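> Dropping the structure in here first, questions after.
The numbers here are math on the coordinates, done by the rules we state, and not lab data. If you're wondering where the values come from, they're calculated on a predicted model, not measured in any experiment. When we count neighbours, we look across all protein chains shown, and the Cβ atoms used for this are built from the backbone with ideal geometry, even at glycine.
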Amino acid sequence: LAKTTQPISMDSYEGQEVNITCSHNNIATNDYITWYQQFPSQGPRFIIQGYKTKVKNEVASLFIPADRKSSTLSLPRVSLSDTAVYYCLARNRDDKIIFGKGTRLHILP
Amino acid sequence: DGGITQSPKYLFRKEGQNVTLSCEQNLNHDAMYWYRQDPGQGLRLIYYSQIVNDFQKGDIAEGYSVSREKKESFPLTVTSAQKNPTAFYLCATRGTSGSKPYEQYFGPGTRLTVT
């Protein structure tokens, strides 16, 4: 199970683009990168998943370089409601699903 | 949320009592999970089940027990042996078909307070 490392916390301002980087030096060939968002007193919610290069959906973009040792979650033009904890996971289909402490993102007005 | 029901949302118990947390899903997912979350911390895996009548211990199974008699239900019992049971408990499900690690869906959680 690949271990991931991400910043404990980040601050940004409304309207800015936020990039959260996750390191996964020991990622395995069949591991995918998955990001979740969690608001206080709620369960995490799936944001985006990718294997390599770039993935984009209506909420975020995910950039994964060719060596796949890191990935970057990009949130365009954040608002106060994006204040949450963001978890990065590197796992394959059969892994136990383990969440680290995540990145606590605080959006300021 | 999204087809996963956890009840109740808040639960209060006296020390020494066993308590069972409910988790029901209508997503037809094979895999179900129980996590515990303490303030300011990430989620820690208690138990998980990939199929009916089978389950495996997670990282912090001591003091907990589960059953998986039906696909839709995965109740968690917090026993008196669990030394620090006060926490936020989250149930999750996941489909298991295909080759990708499909996303997990989480319930709204149960906040258990033991005094």
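> If we only count strands (runs of 3 or more DSSP E) wholly inside the stretch A:21-97, which ones have 3 or more residues that are under 12 Å from the mean Cα position of the chain (by Cα) and within 11 Å of chain B (Cβ to nearest Cβ)?
Details: elements: A:32-38, A:45-50, A:53-56, A:61-64, A:70-75, A:84-91.
Of the strands (runs of 3 or more DSSP E) lying wholly inside the stretch A:21-97, those with at least 3 residues that are under 12 Å from the mean Cα position of the chain (by Cα) and within 11 Å of chain B (Cβ to nearest Cβ) span A:32-38, A:45-50, A:84-91.
> For the stretch A:6-33, which positions are out of contact with any His (no Cβ under 9 Å at 6 or more places or on another chain), polar (S, T, N, Q) and in contact (Cβ under 8 Å) with a residue 24 or more places away in the chain?
Applying the first criterion (out of contact with any His (no Cβ under 9 Å at 6 or more places or on another chain)) to the stretch A:6-33 yields A:6-8, A:13-30, A:32.
Filter once more, so that each one left must be polar (S, T, N, Q): A:6, A:16, A:19, A:21, A:23, A:25-26, A:29-30.
Within the stretch A:6-33, A:6, A:16, A:19, A:21, A:23, A:25, A:26, A:30 meet the criteria.
> Among (1) away from every other protein chain (no Cβ under 14 Å); (2) among the charged types (D, E, K, R); (3) part of a loop (DSSP other than H, G, I, E, B), there is one condition residue B:24 misses while meeting the rest; what is its number?
Residue B:24 satisfies every listed condition except (3).
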